[in-house]
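The values are calculated or read from the model by the stated rules, or taken from the named source; none is laboratory data. Keep in mind it's a predicted model, so treat the numbers as computed, not measured. Cβ sites come from the backbone with ideal geometry, for glycine too, and all protein chains shown count toward neighbours. Protein only, heavy atoms only, side chains kept; ligands, DNA and RNA dropped before computing areas. Shrake-Rupley method; radii C 1.70, N 1.55, O 1.52, S 1.80 Å.
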Amino acid sequence: MTEPGPASPLDGQRAEDRTLRLETALRRSEKLAMAGRLAASVMHEINNPSQAIADLVYLIGKDADYPERVRAHAVQIEEQLVRIQYIARQTLSFFRDAPRSQTKDLVALVETALRYQSVLLDEKCIRVRKELPDILVASVYPGDFLQLVSNLVRNAAEALPAGGTLCVRLRASGVNTRLTVADSGRGIPLPIQVRLFEAFQSDKAEAGNGLGLWICKTIVDKHRGSIRWRSCTEGKTQGTTFSVLLPLAGPTESGGFGEHSYIAG
């Protein structure tokens, strides 16, 4: 029997290439799933100004003999169209691939992520406690940061019972920004905790694909940051908290990869 020869560097390269392709496909899968959720939210946002425009068009026809009223209605229509255009531009800018980080107000991004998850939050009557500054500017990849916050908020909302409470906190911490998302839900089961940031780890049965936290980990890595968590499944302290630390100066100015920690606090 012929003994198998030693693995060649080419074999290692091929395995690495397959891993990269798999990771790319997984990220694309999660991004498409999130895009579907965000599309529903964006349509909900656009619905109100669209309905207002329809009502104003009706009034223009009714007030056709009153030029001043028609002009006033036309001005209101223009205002609603500007609102729709703003929503569209904002959403496109978040998810347009950026080769470099951009200086953004993180408070606005957090508010947008909460708005994108508003349907789920409203359906479960979840109370949202926000502890946000008026403004906190940092250098980030906007679409990735928005997805990070959205994933953490959605995970917390899905873990909470109806009428539960979700806390979202954002603040500067030295040269970093700290984002905290906490819930008083059921906690993360121990079998999931030990492999929390691996792909396809989920306790949501058919409701989740187990990619959300894995995506969060890759986004934190991309920003040269760290993420810590703690969770309890019993007693008065039941619930889960995720704390993300990202450099305010942004990943491109950090000068190196640094250390990344994924630690149960």
### Query
Of the numbered conditions (1) modelled with pLDDT under 85; (2) open to solvent by 30 Å² or more (accessible area, probe 1.4 Å); (3) among the hydroxyl-bearing types (Ser, Thr, Tyr), Ser41 satisfies every one except a single condition; which is it?
(2)
### Message
Being open to solvent by 70 Å² or more (accessible area, probe 1.4 Å), modelled with pLDDT of 80 or more and touching a strand residue (DSSP E or B) at 6+ places or on another chain (Cβ under 6 Å): is that true of Arg178 here?
### Response
no
### Query
From the residues in region 70-90 that are modelled with pLDDT under 80 and among the polar types (S, T, N, Q), which one is nearest to Tyr58 (Cα to Cα)?
Gln85
